[in-house]
Amino acid sequence: MAWLRALAVWLLIVAVETLHGIARTLWLAPQVGDHVARQIGVLTGSLLIFAVTWLAIGWIGMRRTRTLLAAGALWVVLMLAFEIALGRAVFGFGWERIAAEFDVSRGGLMGFGLAALLLMPFVTARMRGRVDPGPSR
């Protein structure tokens with residue numbers, strides 16, 4: 001049940017991030033340019049993911065560090081697949097454009113956003129006192 005709830009929270013994160021991307025494109029990009037807007041979007045998107053996870057972490061029901069990190073890893077794999085599929089199928093982006101989002105030397109910060117996504121279940125559970133210490137091995 002906890003894994004289905006983690007998946008449901010990921011779907012909520014996708015919905016929130018999709019709305020965030022639309023707002024970024026409509027209102028921020030015209031002001032600062034698309035590239036800078038996408039960079040700002042990594043920070044604001046991470047904050048939105050934090051907020052969703054903060055609100056949902058108790059409902060998910062996971063309490064072990066390993067399980068929380070595994071949920072974050074699942075979210076990363078799913079988000080990466082979603083982003084690539086969306087970029088390729090909907091927007092027609094080539095592999096070069098997609099790779100640029102992860103290349104820090106070219107200003108791509110998506111890797112930082114995915115790192116935040118990976119850690120978010122553990123970080124929010126820890127902040128809310130919902131992590132069981134588990135065995136000391």
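The values are calculated or read from the model by the stated rules, or taken from the named source; none is laboratory data. This is a predicted model, so every value here is computed, not measured. Note that we place each Cβ from the backbone using ideal geometry, even for glycine, and neighbour counts take in every protein chain shown.
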Considering residues that are touching a Gly at 6+ places or on another chain (Cβ under 9 Å) and among the β-branched types (Val, Ile, Thr), the number found within region 54-111 is 3
Just for region 26-42: of the residues that are under 29 Å from Ala6 (Cα atoms) and in contact (Cβ under 8 Å) with a residue 40 or more places away in the chain, which one is surrounded by the most Cβ atoms within 10 Å (Cβ to Cβ)?
Arg38
Every residue in region 64-89 that is out of contact with any helix residue (DSSP H, G or I) (no Cβ under 7 Å at 6 or more places or on another chain), touching a residue at least 60 places away in the same chain (Cβ under 8 Å) and surrounded by fewer than 20 Cβ atoms within 10 Å (Cβ to Cβ), please.
Arg64, Arg66
Return the only residue of Ala23, Ala71 being more than 13 Å from the chain's Cα centre (by Cα), over 16 Å from Gly111 (Cα atoms) and of a type in the set (Gly, Ala, Ser).
Ala23
Of the residues Ala125, Ala100, which is surrounded by 13 or more Cβ atoms within 10 Å (Cβ to Cβ) and under 22 Å from His35 (Cα atoms)?
Ala100
Please verify whether region 97-114 includes one or more residues that are modelled with pLDDT under 95, in contact with a helix residue (DSSP H, G or I) (Cβ under 9 Å, 6 or more places away or on another chain) and at positive phi.
yes
